[in-house]
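Participant: Below are the C-alpha cells for one structure; questions will follow.
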Amino acid sequence: MTDVLVIGAGPAGMSAALKLQARGLAVTVVDDQPAPGGRIFAAIETRRAHGAEDRAGAELVTSFRKGGGNYLPNTEVWQIEPGPRVFMTREGRARMLEPRFVLLATGAQERPMPFPGWQLPGVMTIGGAQILLKTARQIPDRPVWLAGSGPLLLLYAHQLIAAGGSVAGILDTTPPGRLAASAARLLAALGYGWRDLLRGLGWWLHLRRLRTIKGVAAIEAIGPDRLAAVRYTTRRGASGEIATDLLLVHDGVVPGVHATLAAGCAHRWNSVQRCFEPLVDRFCASSNPEVFVAGDGATVAGGRAAMLSGALAAIGIALAAGKLSSAEAEAAAAPLRRGLAAAASFRRFLDALYPPVEMPIPDTTQLCRCEEVTARQVRASLVGRPHLGSDGVKIATRAGMGPCQGRQCGLSLTRLVAEVHGRTPADIGFLHIRPPLKPLTLGELAALETTP
C-alpha cells in the first residue's frame, strides 16, 4: 500500500520523500529519468559537483537512494484522476496506483520562445544543450550563437567555455534599463543569494569580451531545410544577418503545469513571470486536498528553494494524514517558510533584472511545431469569433494536439488569443489537458495493472 505517490525525483521530490519516510508514511517515487536529481542535478552521481549547490544535490541524491522509499525510474505518468488514481507506464507495461496522497514535484520547463524558423534543425534551447553537457558530456564542435536572456544563458556560456567549447556571440534580448529597475530589490536578495550574485557577476564580466548585440527585439532563423543564418532586429531599428548553423535560445523557465492541470488543480496567472501556476496553500496543498505541489512546478524559485518546498509539502501531507498535530506542523514549517520567503525575495530581484521577453510573433511563425500550425492560421481562426478561446482554436487548427500536448505552444497560444480578443491571459486560460499526458501505445494500455 502506497500512502504517498511522489511524481518527480528532483530536489523537491527527493526532499519530500525523505521527510515522509521518516514520519512513517509509505512512499513511492516515480520519475521519467533514469536516475534521480531532476534537471538541475542531472547525472550528479556520475559527474563532478561544481559549487555548494551541486554538492548539496549530490548529498541529497545519496540520502534519497538510501531512504527515499520505493523508487521507480524511467516511469512515465500519463493520467491523474480523482481518487486519486494515477496511471503510468514502466518497461512497456501500464499500471495504476491509488495512493492516499499525490505530491507533484514535476519541476519547470523552458519558456517557449517562438520566432520564424525556430522549428529548423540547428535551433535548440540552451536548457537542452545544458542537459547534453551534463548527461552526455556533449558540446557543440564549433562556435555557437546564443540568443535570449536570463541567468541560465550566462551559466551555460560559462560552462561551455569551461568544457572547451566556444561562443561566437550573444543576441541579448534583455530590455534596457533593467539594472536600474532591479536595484531596489538587490538588498533583499543579498541575504539569500549573495554567493549566486557574486558568481553570476563573475560570469558576466568574463563574457563581456564576447561579441554581444544588445537590445535585440526580434530574431528569425533562416534556411531551406536547416539553419543557415539568423537575422535580428534591435529596438533601435538596426538589423543584421549572421551566418551560423547552430543557435541556442532561452527566455527563462516556467512551471510545468500539465500534471497539475490534469489533476484538476486550480491555477492563477503570474503576471510577473508571464505564466500559469497552481494555487497552493501554506502547506503546498492544491485546490484538490489530496494533491500537493512542490518545487518549481508550483512557482519557479530554484533548486535550494525546491528542497525547502518539498520538505514543507511533506509536513502538509503528514498533517493531512494525521501524523502531526496543527501545532507541530506549524512549528516545523516556520523555518522552512522563512527560507522560502528569502528565496522569493531573490527571485523578485531576478524577475526585475531579467523579465520575460515577448518578441513579436509574425504570421509566418510556426506556432505549433508538432502540428505545423502557423500564427496566421491561429489568428484567422479567431476572426469574427470573439468567444473562441484556446480550446476552440485547438479544435479548429489542431494547435496543441501533437506529441508535446501544448507544452511548447500553450503559453503562446494563450497570448495570441488574448491579443486578438483584447483580453488578458488570465481571462483566456491555458489549454484543457486531456490524457494521455505522454505518448502511450495500445500494447502498454492493454497491459494495464492496478495496484493499491
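The values are calculated or read from the model by the stated rules, or taken from the named source; none is laboratory data. This is a predicted model, so every value here is computed, not measured. In this analysis, Cβ positions are derived from the backbone assuming ideal geometry, glycine residues included, and neighbour counts consider all displayed protein chains. Keep in mind that these areas ignore ligands, DNA and RNA; they rest on the heavy atoms of the full protein, side chains included. Shrake-Rupley method; radii C 1.70, N 1.55, O 1.52, S 1.80 Å.
Participant: List the residue pairs whose Cβ atoms are under 7 Å apart, where the first residue sits in the stretch 387-402 and is within 12 Å of residue 416 (Cβ to Cβ) and part of a loop (DSSP other than H, G, I, E, B), the second is aliphatic (A, V, I, L, M) and open to solvent by 20 Å² or more (accessible area, probe 1.4 Å), and the two are 6 or more positions apart or on different chains.
Facilitator: Pairs found: 389/428.
Participant: Right, next: Kindly indicate the residue of the stretch 199-244 that is in contact with a strand residue (DSSP E or B) (Cβ under 6 Å, 6 or more places away or on another chain) and among the acidic types (Asp, Glu) and also most open to solvent (accessible area, probe 1.4 Å) among those meeting that condition.
Facilitator: So the residue we want is 241.
Participant: Looking only at the stretch 378-395, filter to residues that are open to solvent by 60 Å² or more (accessible area, probe 1.4 Å) and not charged (D, E, K, R); which one of those is nearest to the chain's Cα centre (by Cα)?
Facilitator: Filtering first and then ranking leaves 395.
Participant: Sort through 300, 280 and tell me the only one that's touching a residue at least 60 places away in the same chain (Cβ under 8 Å), part of a loop (DSSP other than H, G, I, E, B) and within 26 Å of residue 428 (Cα to Cα).
Facilitator: 300
Participant: Please verify whether the stretch 79-92 includes one or more residues that are in contact (Cβ under 8 Å) with a residue 12 or more places away in the chain and closer than 30 Å to residue 193 by Cα.
Facilitator: There is no residue in the stretch 79-92 that is in contact (Cβ under 8 Å) with a residue 12 or more places away in the chain and closer than 30 Å to residue 193 by Cα.
Participant: Return only the number of the condition from (1) free of Cβ contacts under 8 Å to residues at least 40 places away in the same chain; (2) closer than 21 Å to residue 64 by Cα; (3) not aliphatic (A, V, I, L, M) that residue 309 does not satisfy.
Facilitator: Failing condition for residue 309: (1).
Participant: Which pairs turn up if I take residues in the stretch 34-49 that are on the phi < 0 side of the Ramachandran plot and look for partners that are open to solvent by less than 30 Å² (accessible area, probe 1.4 Å) and of a type in the set (Phe, Trp, Tyr) with beta carbon separation below 6 Å, at least 6 apart in sequence or on another chain?
Facilitator: 36/64
Residues checked against (1) touching a residue at least 12 places away in the same chain (Cβ under 8 Å); (2) under 22 Å from the mean Cα position of the chain (by Cα):
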residue	(1), (2)
225	yes, no
238	no, no
243	yes, no
247	yes, yes
259	yes, yes
269	yes, yes
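Participant: For residue 89, are the conditions met, namely being of a type in the set (S, T, N, Q), farther than 19 Å from residue 265 by Cα and crowded, with 20+ Cβ neighbours inside 10 Å?
Facilitator: Working: of a type in the set (S, T, N, Q): yes; farther than 19 Å from residue 265 by Cα: yes; crowded, with 20+ Cβ neighbours inside 10 Å: yes.
Yes: the conditions hold for residue 89.
Participant: For a quick check of your reading: which helices (runs of 4 or more DSSP H) sit entirely within the stretch 102-196 and have at least 1 residues that are of a type in the set (Phe, Trp, Tyr)? First the steps, then the outcome.
Facilitator: Details: elements: 126-136, 151-162, 178-183.
Helices (runs of 4 or more DSSP H) meeting the threshold: 151-162.
Participant: Being in a helix (DSSP H, G or I), over 30 Å from residue 186 (Cβ atoms), open to solvent by less than 70 Å² (accessible area, probe 1.4 Å) and at pLDDT 95 or above narrows it down to one of 367, 411, 416, so name that one. Talk me through it step by step, then tell me what you get.
Facilitator: On the way: 367 fails: in a helix (DSSP H, G or I); 411 fails: over 30 Å from residue 186 (Cβ atoms).
None of the others qualify; the one that does is 416.
Participant: Report whether or not residue 279 is of a type outside the set (Phe, Trp, Tyr) and out of contact with any strand residue (DSSP E or B) (no Cβ under 7 Å at 6 or more places or on another chain).
Facilitator: Details: of a type outside the set (Phe, Trp, Tyr): yes; out of contact with any strand residue (DSSP E or B) (no Cβ under 7 Å at 6 or more places or on another chain): no.
Against the criterion (of a type outside the set (Phe, Trp, Tyr) and out of contact with any strand residue (DSSP E or B) (no Cβ under 7 Å at 6 or more places or on another chain)), residue 279 does not qualify.
For (1) open to solvent by less than 20 Å² (accessible area, probe 1.4 Å); (2) aliphatic (A, V, I, L, M); (3) modelled with pLDDT of 95 or more, each residue gets a yes or a no:
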position: 4; (1), (2), (3): yes, yes, yes
position: 7; (1), (2), (3): yes, yes, yes
position: 13; (1), (2), (3): yes, no, yes
position: 27; (1), (2), (3): yes, yes, yes
position: 31; (1), (2), (3): yes, no, yes
position: 37; (1), (2), (3): yes, no, no
position: 41; (1), (2), (3): yes, no, no
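Participant: Could I ask something else about it? Residue by residue through the stretch 115-137, note down the ones that are over 20 Å from the mean Cα position of the chain (by Cα) and open to solvent by less than 50 Å² (accessible area, probe 1.4 Å).
Facilitator: 116, 117, 120, 122, 136
Participant: Within the stretch 155-173, is even one residue open to solvent by 10 Å² or more (accessible area, probe 1.4 Å), under 24 Å from residue 301 (Cβ atoms) and in contact with a strand residue (DSSP E or B) (Cβ under 8 Å, 6 or more places away or on another chain)?
Facilitator: Within the stretch 155-173 (the criterion being open to solvent by 10 Å² or more (accessible area, probe 1.4 Å), under 24 Å from residue 301 (Cβ atoms) and in contact with a strand residue (DSSP E or B) (Cβ under 8 Å, 6 or more places away or on another chain)), the answer is no, since none of the residues qualifies.
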